[in-house]
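Shown next, in structure tokens, is the structure this report addresses.
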Amino acid sequence: MSETQFKNGNKAGKAGRPKGATDKKNKLLKEMILDALEGVGGVDYLQKRATDPKTAGAFLGLIGKVLPMTIVGDADNPIAITTIERVIVRPKNTNA
């Protein structure tokens, strides 16, 4: 090892990979996953997994991993949040 490698002021190697950049192995792995998905049917395959009760949970887990955690709206067009409430009214028992 060089004597100057760890001396103060030596900035070599401090920058590292830029924030958000993926390393070669992660990039290759993502490409392989996308190729495999395309090979089994792409969107059609995912739709089948989403609607199959046996695999719907895994599909929702995947969605939770790939969707952003924060949604940012536009000041001029804010995100509209709609709540749909379903009320079930049971008829009174008239046979009593």
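Computed from the coordinates by the stated procedures, all read-outs in this text should not be read as laboratory data. Please read these numbers as outputs of a predicted model, since none were measured by experiment. Please note: Cβ atoms are built from the backbone with ideal geometry, for glycine as well, and neighbour counts cover all protein chains shown.
Overview of values
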| quantity | calculated |
| --- | --- |
| Distance violations [Cα-Cα > 25 Å] among LYS24/LYS54; LYS27/LYS65; LYS24/LYS48 | LYS24/LYS54; LYS24/LYS48 |
| Cα lying deepest toward the dipole's positive end in the range 24-66, options ALA50, LEU62, ALA36, charges on Cβ | LEU62 |
| Per-peptide average of other Cβ atoms within 10 Å, ordering 43-50, 79-86, 62-69 highest first | 43-50, 62-69, 79-86 |
| Anisotropy class of the range 24-66 from Cα gyration tensor, a/c 1.5 cut | oblate |
